[in-house]
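J.: Below: one structure in structure tokens.
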Amino acid sequence: MSFCVAIDGPAAAGKGTIAKSVATHFELPHLDSGLLYRAVGARELQGEDPVSAAEALDPSELDAEKLRTAEIAKAASRVAVIPEVRAALVDFQRVFAQRAGGAVIDGRDIGTVIAPDAAVKLFVTASVEARAERRHAELMARGEASDLAQVRDDVAARDRRDRERTLSPLVAAEDALTLDTTDLTIEEAVEAAIAAVAAKR
Ligand code: DC
């Protein structure tokens, strides 16, 4: 039986780290669905048509390190509102979600659209302030120039665009467990997520 863990939430709430840790703990393959949109966003920044880029995307050739810049994040959020882009990326994600041995996928619409029957759904969130501070620290640690006020504005703008789009908006599934990480360390957040998954495993 497939055992899909769907982890959704806004940017910098900790879902990536949580998803990776849950996948490692339960020995499940992990897909960061944001990378698909980032790859399309990166192509759009290079002048490619985003729909053609999404249709031609080879998900096995994603370079996570190169795709994790603030500029590409913004472009990803922009192309993610295009219905044809989302449609082109659905099949790969659904097949991944239904892997026989189980899977962990994180994103914005995994529990609602990609894997509505997921065995576990987590909605990982945190205040805008806490998320901006984390993202700022992350960018600085990687040697990227970063301004906290700018990061806060970017995070808030991306939230708005992700939440307000009509197609597959960022929203908690009705049966998702919300994990607010504002006042948690990442270790505490991971522990809570693993406990939630273990309860259903
Ligand atoms: O998780 P991330 O920051 O890498 O995602 C980048 C953008 O991609 C995000 O702002 C919205 C979009 N995205 C989406 O629309 N649906 C997903 N399942 C994952 C990401």
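The values are calculated or read from the model by the stated rules, or taken from the named source; none is laboratory data. Please read these numbers as outputs of a predicted model, since none were measured by experiment. Backbone-built Cβ (ideal geometry, glycine too); neighbour counts: all protein chains shown.
J.: Can you pull out the helices (runs of 4 or more DSSP H) entirely within region 17-95 that have at least 3 residues that are not aliphatic (A, V, I, L, M)?
T.: Numbers: elements: 34-45, 50-56, 64-67, 70-79.
So the answer is 34-45, 50-56, 70-79.
J.: If you don't mind, another one. Residues to consider are Leu62, Leu36; find the one that is within 14 Å of the ligand (Cβ to nearest atom), modelled with pLDDT of 95 or more and surrounded by 15 or more Cβ atoms within 10 Å (Cβ to Cβ).
T.: Working: Leu62 fails: modelled with pLDDT of 95 or more.
Unique residue meeting the criteria: Leu36.
J.: Give the residue that is nearest to the ligand (Cβ to nearest atom), with candidates limited to residues of region 110-121 that are buried (at least 24 other Cβ atoms within 10 Å of the Cβ) and not aliphatic (A, V, I, L, M).
T.: By that ranking, first place goes to Gly111.
J.: Further, regarding this structure: Residue under question is Thr185, and the condition is that it be among the polar types (S, T, N, Q) and either under 12 Å from Ile7 (Cβ atoms) or touching a helix residue (DSSP H, G or I) at 6+ places or on another chain (Cβ under 7 Å) (or both); does it hold? Talk me through it step by step, then tell me what you get.
T.: Numbers: among the polar types (S, T, N, Q): yes; either under 12 Å from Ile7 (Cβ atoms) or touching a helix residue (DSSP H, G or I) at 6+ places or on another chain (Cβ under 7 Å) (or both): no.
Against the criterion (among the polar types (S, T, N, Q) and either under 12 Å from Ile7 (Cβ atoms) or touching a helix residue (DSSP H, G or I) at 6+ places or on another chain (Cβ under 7 Å) (or both)), Thr185 does not qualify.
J.: Identify all residues within region 12-32 that are more than 10 Å from the ligand (Cβ to nearest atom) and either surrounded by fewer than 23 Cβ atoms within 10 Å (Cβ to Cβ) or at positive phi (or both); write none if there are none.
T.: Listed by number, the residues that qualify are Gly14, Thr17, Lys20, Ser21, Ala23, Thr24, His25, Phe26, Glu27, Leu28, Pro29, His30.
J.: Let me ask you something else. Please work out which one of (1) free of Cβ contacts under 8 Å to residues at least 40 places away in the same chain; (2) touching a helix residue (DSSP H, G or I) at 6+ places or on another chain (Cβ under 9 Å) is the condition Ala97 fails and give its number.
T.: Condition (1) is where Ala97 drops out.
J.: Select, from Glu188, Glu133, Glu164, Glu144, the only residue that is farther than 22 Å from Arg38 by Cα and out of contact with any Pro (no Cβ under 9 Å at 6 or more places or on another chain).
T.: The unique qualifying residue is Glu188.
J.: Write out, first by first residue and then by second, each pair whose Cβ atoms fall under 9 Å of each other, whose residues are 6+ apart or on separate chains, and whose first residue, in region 106-124, is in contact (Cβ under 8 Å) with a residue 40 or more places away in the chain while the second is within 11 Å of the ligand (Cβ to nearest atom) and among the aromatic types (Phe, Trp, Tyr).
T.: Matching pairs, first to second residue: Gly107/Tyr37; Arg108/Tyr37.
J.: While we're on this one: Conditions first: (1) closer than 24 Å to Ala115 by Cα; (2) surrounded by 14 or more Cβ atoms within 10 Å (Cβ to Cβ); (3) more than 10 Å from the ligand (Cβ to nearest atom). Thr69 passes all but one, so which condition is the exception?
T.: For Thr69, the exception is condition (1).
J.: When you scan region 96-144, how many residues do you find that are in a loop (DSSP other than H, G, I, E, B), modelled with pLDDT of 95 or more and charged (D, E, K, R)?
T.: Of the residues in that region, 4 qualify.
J.: Still on this structure, I have one more. Show the residue pairs meeting these rules: Cβ distance below 6 Å; 6+ apart or different chains; first residue within region 23-45 and in contact (Cβ under 8 Å) with a residue 60 or more places away in the chain; second residue in a helix (DSSP H, G or I) and aliphatic (A, V, I, L, M).
T.: Correct list of pairs: His25/Ile194; His30/Ala19; His30/Ala23.
J.: Within 14 Å of the ligand (Cβ to nearest atom), modelled with pLDDT of 95 or more and among the hydrophobic types (A, V, I, L, M, F, W, C): which single residue out of Ala149, Ala173 fits that description?
T.: Values: Ala149 fails: within 14 Å of the ligand (Cβ to nearest atom).
When all the criteria are applied, what remains is Ala173.
J.: Still on this model: If you scan region 84-101, which residues turn out to be surrounded by 21 or more Cβ atoms within 10 Å (Cβ to Cβ) and over 17 Å from the mean Cα position of the chain (by Cα)?
T.: Hits for region 84-101: nothing passes.
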